[in-house]
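The values are calculated or read from the model by the stated rules, or taken from the named source; none is laboratory data. For clarity, every value in this text was computed on a predicted model and none was experimentally measured. Cβ placement follows ideal geometry from the backbone for every residue including glycine, while neighbour counts extend to all protein chains displayed. Each accessible area value is taken on the protein alone, full model and side chains, heavy atoms only, with ligands, DNA and RNA left out. Shrake-Rupley method; radii C 1.70, N 1.55, O 1.52, S 1.80 Å.
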Amino acid sequence: MRFTWFNLMPWPDMPDDFREKHRSVWVDIDPHLFDPVRGHEVYNTYLDQLEYAASLGFDGIGCNEHHQNGYGLMPSPNLIAASLARRTEKVALVVLGNSIALYNPPIRVAEEFAMLDVISGGRLVAGFPVGTSMDTNYCYGQIPALTREKYAEAHELILRAWTAEAPFAFNGRYTKLRYVNIWPRPLQKPYPPIHIPGGGSLETYDFCLDNTYSYSYLSFSGYLRARALMAGYWDRVAARHTPDDSPYRAGFAQTICVAETDAEAERLYAEHVLYFYNRCLHIFPGFADAPGYRTVKTIQSGALAQYGARFRYQPVTWGELIEGGHVIAGSPETVRQRLEDLIRGLRVGNLYCLIHVGNMPTEKTMYSTRLFAERVMPALRHIWRDYDWDERFWCHPLRHAVRPAELRGALPAPSQGMVA
Amino acid sequence: MIRSTHLSLRGHKVDVLIGGDGPDLVFFHGAAGVTAEDPLLTTLAAQYRVHAPLLPGYGESAEATHLRDMLDVTLHSQDVVEELGLARPILVGHSLGGMIAAEMAAIAPREVEKLALIAPFGLWLGDHPIPDIFATLPHELPALLFHDAALGEQLMTGGLHLEDPQFLIGFLVKSARQLGMAGKLLFPIPDRGLGDRLYRVRARTLILWGENDRLIPPIYASAFAAAITGARVVILPEAGHLVTVEKPDAIRAALAAAGFG
């Protein structure tokens, strides 16, 4: 089992009346809510938390890409991953990921991921999301009905750029380049492992199976609601006679809060979890799904879930979140039991642990993280021991990576003296 | 009486509504599509032979992934006119269809002699941004599209409530197909460079606009008129963006007054 400590990097100061006074946390969020001095503290605190998780033995630390978003302060996840590369050693840098249809030209992604892989000594786990409609269409202006075609072309270009033995010309519909010849090249060969965030479409299942990518379901709705979707994936794995059904072919994101007791978990974490679910997920439904972005079939199956009840995500309580499995919280034993249920039920080898939630202060975040690392993770570590052979979906770092040199302070003048 | 027929273009089915007698007129519909019961088609059919081809993804027209941008759709529309066997018909376009008709007249100026643009998309005035129809919720549409929002809601839903699941599912599925196509020309900003090409239009041009168009404000009528030599503007009172539904007789009268017949 592999555990990645993931931080969405939410803005922690959205006001109590955010739902009433503001239309959306995403796309057209009120710019006055951002304070850059506070932002300086927030970013550095979040980086501290990621580094702390690495020091406790998590397999990976993770970040992702969002734009104009009050719950995700990472328009450039690569900057975050680069910051993390220097102060961490063995941990995987899970960048989940770069929305490859947004980059012009998309070899920018091939270059930056290669840089991250080389700087970190082969610790990159890369992700290629199609992206949400909010980010891709409304913030970055991609035409909804063409987004998937553009994504597919970008994917082809990036893989060729990583693996070509010589400069090549690329005549795409969306990108035309005479000389593709990226420097540097990725350290991991032929390229870093790739995880694909998906939302249940058959095309994405097949894309992962065709390319030996890990399928990741990143939802905030929890594991109980994810069962049908993940069952659909494993049915597809079987129907296509895939040579193996290794659980590392799949990953899942789950909000997790650990305390000494179930009661303590509620007392410590409830307000921060409710901040996330009731403020951070306050998204104007008009931005949820640009027409043409999803297939007609997908809409027929799920349209009203999104548009019902006067088109709003309704406020929720701690009890409902625990009951519904959105959040797994409690004593180490409670959390262990429910996570074992999740891991076996969904058959996932990669767990993205959302332990910092909403506006949770760093002391609580680190407490929950430590309890998870010391008293939950060890008990779940070997659930999939029959699949220990499966190294395909994880990074392969250098055995002897270079460490940052000590800062040496003032150096003596060179013996020949300086010219004034 | 308008009936539905179809033709085949490069192996793709194109649905065409045809009816009426008189001079040939081709109508290019807006982003919301058009049906055989459309008040404007019915009204125009009294005076013209009306042909209304449906864009890919609309009605029975097949989706066309090979049509990606403005030039693709403009040439496709020319191909449809050609396939219908029409020589220099009157071109009338509403909203998105107006943008397409204007492009056709700019790209092949000798092929278009009479052009009527009804509240067309295609220009963008920075001081008068057009609301984002791709981020508009169903219940917000009537006020945006109609002069009389209450009546507009009736027309949109056929009497069902806007949040009635029966209405919503059908509406959203239709939107995904139709606005997916429309988005290729209108998303995220409905400007594909038409303003740079309008100087080429030679057609006698009539620009019609609903006085209370809250989607594309009537100031855009002046912008089109300024860009097309000799264009005439007619502003229709008590009408919104869907002036085709609200004031079909006034449109017919304006066409007649302009000598389109």
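Before moving on, here are some points about what is shown:
- For the range B:99-159, the alpha carbon positions stretch 45, 29, 17 Å along the principal axes, listed from largest to smallest.
- Inter-chain shielding of B:62-69 (mean C-beta neighbours from other protein chains, 10 Å cut-off): 2
- Hydrodynamic radius by Kirkwood, which averages 1/r over all alpha carbon pairs of the range A:227-284, in angstrom: 14.8
- B:Glu113 exposes around 100 Å² of accessible area when a 1.4 Å probe is run over every protein chain in place.
- Whole-number accessible area per residue in Å² for the range A:311-420, which is evaluated in the context of all protein chains at 1.4 Å: 57
- Straight-distance candidates among the lysines for linking to A:Lys189, with alpha-carbon spacing under 20 Å and chain neighbours fewer than 8 residues away dropped: A:Lys90.
- With Cα atoms defining each centre, the range A:120-166 and the range A:41-100 are spaced 19 Å apart in the structure.
- Of all DSSP bridge pairs formed entirely within the protein assembly as shown, close to 20 percent run antiparallel.
- Spread over its residues, the convex hull of the C-alpha atoms of the range A:331-420 is 236 Å³ per residue.
- Helical content of chain B, expressed as a calculated mean residue ellipticity at 222 nm, amounts to -10500 deg cm²/dmol (DSSP H runs of 4 or more residues, -39,500 (n - 2.57) each, divided by residue number, nearest 500).
- At q = 0.19 Å⁻¹, base-10 log of I(q)/I(0) for the range A:61-197 (Debye sum, equal scatterers on each alpha carbon): -1.10
- Solvent-accessible area of B:Arg49 with every protein chain in place, 1.4 Å probe, in Å² to the nearest 10: 80
- Distance between the range B:105-161 and the range A:182-253 - C-alpha centres, whole angstrom: 42
- Per atom type, the range B:39-181 shows carbon and sulfur on 51% of its accessible surface, probed at 1.4 Å.
- Long hydrophobic helices in chain B: the complete DSSP H runs spanning 27 Å or more by Cα along their own axis with mean Kyte-Doolittle hydropathy of at least 0.5 are B:165-186.
- Taken over chain B, the percentage of Cα pairs per 5 Å bin, counting from 0 up to the bin with the maximum distance, is 1, 6, 14, 19, 21, 19, 13, 5, 1, 0.
- When all alpha carbon pairs of chain A are counted in 20 Å bins from zero, the resulting P(r) reads 25, 59, 14, 2 %.
- Average other protein chain Cβ within 10 Å of Cβ, residues B:129-137: 4
- Given a 1.4 Å probe and the protein chains as shown, A:Ser368 ends up with an accessible area of around 0 Å².
- DSSP H segments from chain A that extend 30 Å or more along their own axis, Cα-based, with Kyte-Doolittle mean of 1.0 or above: none
- Accessible area in square angstrom per residue, the range B:1-129, 1.4 angstrom probe: 38
- Quarter the surface of the alpha carbon convex hull of the range B:52-191 and you get the mean projected area, 9.5 square nanometres.
- In chain A, helices alone account for a calculated mean residue ellipticity at 222 nm of -11500 deg cm²/dmol, with every DSSP H run of four or more residues adding -39,500 (n - 2.57).
- Partner shielding of A:137-148 amounts to 5, given as the average count of beta-carbon atoms from other chains within 10 Å of each residue beta-carbon.
- Residues A:Arg370, A:Arg178, sorted by accessible area with the largest first, give A:Arg178, A:Arg370 [1.4 Å probe; ligands and nucleic acids excluded].
- Summed buried accessible surface, chains B and A, 1.4 Å probe, nearest 100 Å²: 2200
- For the range B:153-255, the alpha-carbon radius of gyration amounts to 1.31 times the rule-of-thumb value 2.2 N^0.38 Å expected for a compact globular protein.
- Net charge over other residues, Cβ less than 15 angstrom from the Cβ of B:Val16 (K, R count +1; D, E count -1): -4
- Per residue, the convex hull spanned by the alpha carbons of the range B:62-107 comes to 84 Å³.
- Surface/4 estimate of mean projected area, convex hull on alpha-carbon atoms of the range B:19-65, nm²: 3.3
- Base-10 log of normalised Debye intensity for the range A:20-81 (one unit scatterer per alpha-carbon) at q = 0.15, 0.20, 0.21, 0.26 Å⁻¹: -0.56, -0.87, -0.92, -1.16
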